Structure formats: C-alpha cells, structure tokens
Amino acid sequence: MESVKVLSPAKINIGLRVLRKRPDGYHDIETIFHEVKLFDEIEVEVSDRIEFETDSSEVPLDFENLCLRSARIFIESFGIHSGVRIFLKKVIPVGAGLGGGSSDAAGVLKALNILFETGADGDFLCELAGLIGSDVPFFIRGGTAYATGRGEVIEPLQVDFPYKIVLVYPNIKISTAWAYGNLKLRDHAGKRSLKEIFIQYINSPENLKMEIENDFEELVFSHYPEVGKIKAKLYELGALFSLMSGSGSTVFGFFDEIRNEEEILSAFGGYRVFILR
Ligand SMILES: C[C@@](CO)(OP(=O)(O)O)[C@H](O)COP(=O)(O)OP(=O)(O)OC[C@H]1O[C@@H](n2ccc(N)nc2=O)[C@H](O)[C@@H]1O
Ligand SMILES: Nc1ncnc2c1ncn2[C@@H]1O[C@H](COP(=O)(O)OP(=O)(O)O)[C@@H](O)[C@H]1O
C-alpha cells in the first residue's frame, strides 16, 4: 500500500462533570462525547524514519506532538522495523475543547493499522489510545458515547441526533491541565447520570438546558467573559441548547434549522464560526 488517508473529526462534550481528583493526579469525569462534522486530514506512508509535517504553525513539533507519540507507540507495540511519514492538514482549532489533537492521535493509529495490515481490532487500538491521552480512545470509534473514568471508559450510544450544530471559537487557547488544576469541584451526589439525562431528553432541548452542565464553564467564563457572552448570543440567535465544549473555549449551539446563517456569521465577526448541517 502506497499511502493511507483518514479524516479525523472534532468532538463536543454534551455535558461534562468533574467528579473527583484521583491519586494518579487525573480526575474522574462523566461526559457525553459527540463527533461533529469538522475534520483534520491525515496521510501516512512508509519511510525509513518517523517524520511529521503539517500546514499548521500551532501544532508542536517536539515530544508534545500527539501524532508522533501515536506513531512511536504503534511501531513499538507491533515491533515494526520501518518508519512512517505523517502529513497533517489542520482544520480543527488547537486548544479549543474540540479534541483535535486527541482525534489526530487516534487517526494516526487507525491509518497505521491499515498501512501495516496488522489486523488489530478496535479494542486493541483503544488500549494503545489510552496510553496517549484520556480523550483518545473515544476517537477510535467516534459516534456518540458516554464516557467515564478519566474519559477513557467508553460506552457507545445509538442516537438519532436531531440538531444542526454551530461552533464558535473565540481564538482563545485554553490548556486542559490549567483548567483541571484551577477547577473548584462541584457536588454531583444524588444526581441522575448524564447518560440517563441525555437519552431521555435529547429531543427536548428545554430539559437539556435545565439538566446538562459543563463544570468548566464557571472557571472559563470568569477568566474570559467573552466566552460566556457567546453562549448568551447563541441563544439570542435561536439556539435551542448551548454549552461550552470540554475545557473551552469553543461554545456550541444546537439549532433545529439554520435560516439566519448571515446573521450568525456577522454576530461573531473576528471569531471562527463553523456551521455544521
Ligand atoms: C477536558 C476534556 C473533556 O473531553 O477535553 P478537552 O477540553 O481537553 O478537549 C478532557 O477531559 C481532556 O482530555 P485530554 O485532552 O485527553 O487530556 P490528557 O492529555 O489525558 O491530560 C492532560 C492533563 O489534563 C488533566 N486531566 C485530564 C483528564 C482527566 N480526566 N483529568 C485530568 O486531570 C491532567 O492534568 C493531565 O495532565
Ligand atoms: N495534532 C495536534 N493537533 C493539535 N494539538 C496538538 C497536536 N499534537 C499535540 N498537540 C498539543 O495538544 C494541545 C491540545 O490541543 P487540542 O487537542 O487541539 O485541544 P483540546 O485539548 O482543548 O481539545 C495543544 O495545545 C498542542 O500543544
């Protein structure tokens, strides 16, 4: 096989509860991951070294590069005796709460699995993915899933998703480690699980509004008031439900139909807006 190309999608978190700090420094969380139609592109081919190229100036090229980390883990775990060249076309904003880096890491695992014809199944790729980052296992299968543990325990959910989605990224990069490190934990004792709430109310946005929260909103909105203003503006523009994704700074809105595309785009002039139908 000459080369393999895959698309790696962004995600949103439809609700995010941070439950407790664990002895290993991570936090147990509860979230609904939902894949959205915004994609990076990855191409891999065999090479004599492990090489990486990208069209983005924002992706780190050192040890923090998640595509390189994925490739090294894959090559070591299968005892492969060649290298790979990875090309990443970056579309998903970086440090935006959309999981782009994690998705690219999963995309590299999936692409290399095809390139080297290992025959490894999704469960094995999920195990490798968990070594790279908490959000990476979700992206092996994508779709919609209920996640627990540090985010790596995935239960796929079958849902007919009824909304168009608008994403607004206000050009503010937020470090996930900073967000977890500065969060004041809230008490979720006695609440129904996000999975139950999501399944019961996916077609009832008024109830989603009342019951689904993202614990990072308070912290991020207080440091960056412009992020909170996006949520209010999305409701003014007709969103049925709106929430910040992950540790921010992207805010998403669910709409039944989008008839005011021009108005939405001009309301957020200067920000990156994605209208996903
Ligand atoms: C907040 C979320 C919600 O989906 O997403 P993003 O906003 O980053 O997209 C995730 O929990 C982000 O997961 P991910 O981005 O994979 O995090 P990792 O690389 O594993 O960890 C980065 C750092 O975040 C903290 N961390 C991460 C996950 C977790 N459950 N508890 C934590 O405390 C740790 O300090 C860790 O060193
Ligand atoms: N392929 C990649 N794309 C984006 N970021 C990457 C990548 N590889 C490593 N990173 C690092 O991961 C960090 C988190 O990026 P990203 O996954 O886009 O954000 P988030 O965790 O907010 O969803 C970035 O600040 C960057 O340093």
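Of note:
- For first residues located in segment 52-74 and free of Cβ contacts under 8 Å to residues at least 60 places away in the same chain, partners that are among the basic types (Lys, Arg) and more than 9 Å from ligand 2 (Cβ to nearest atom) and lie 6+ apart or on another chain with Cβ distances below 7 Å form the pairs ASP55/LYS89.
- GLY122 passes every criterion in (1) within 20 Å of ILE73 (Cα to Cα); (2) within 16 Å of ligand 2 (Cβ to nearest atom); (3) not basic (Lys, Arg) apart from (2).
- Residue check for LYS90: within 9 Å of ligand 2 (Cβ to nearest atom) and basic (Lys, Arg): yes
- On inspection, TYR180 passes the criterion of being within 15 Å of ligand 1 (Cβ to nearest atom), in contact with a helix residue (DSSP H, G or I) (Cβ under 9 Å, 6 or more places away or on another chain) and not aliphatic (A, V, I, L, M).
- Every test in (1) in contact (Cβ under 8 Å) with a residue 12 or more places away in the chain; (2) within 23 Å of ALA177 (Cβ to Cβ); (3) among the polar types (S, T, N, Q) is passed by SER47 save one, and that test is (2).
- Residue in segment 102-121 that is surrounded by fewer than 14 Cβ atoms within 10 Å (Cβ to Cβ), without any contact (Cβ under 8 Å) to a residue 24 or more places away in the chain and either in the same structural domain as GLY25 (by TED's automatic domain parsing) or closer than 20 Å to SER249 by Cα (or both) present: yes
- Subset of segment 222-277 [part of a loop (DSSP other than H, G, I, E, B), small (Gly, Ala, Ser) and within 17 Å of the chain's Cα centre (by Cα)]: SER245, GLY246, SER247, GLY248, SER249
The values are calculated or read from the model by the stated rules, or taken from the named source; none is laboratory data. Just so it is clear, the model here is predicted, and its values are computed rather than measured. Note that each Cβ is placed from the backbone with ideal geometry, even for glycine, and that neighbours are counted across all protein chains shown.
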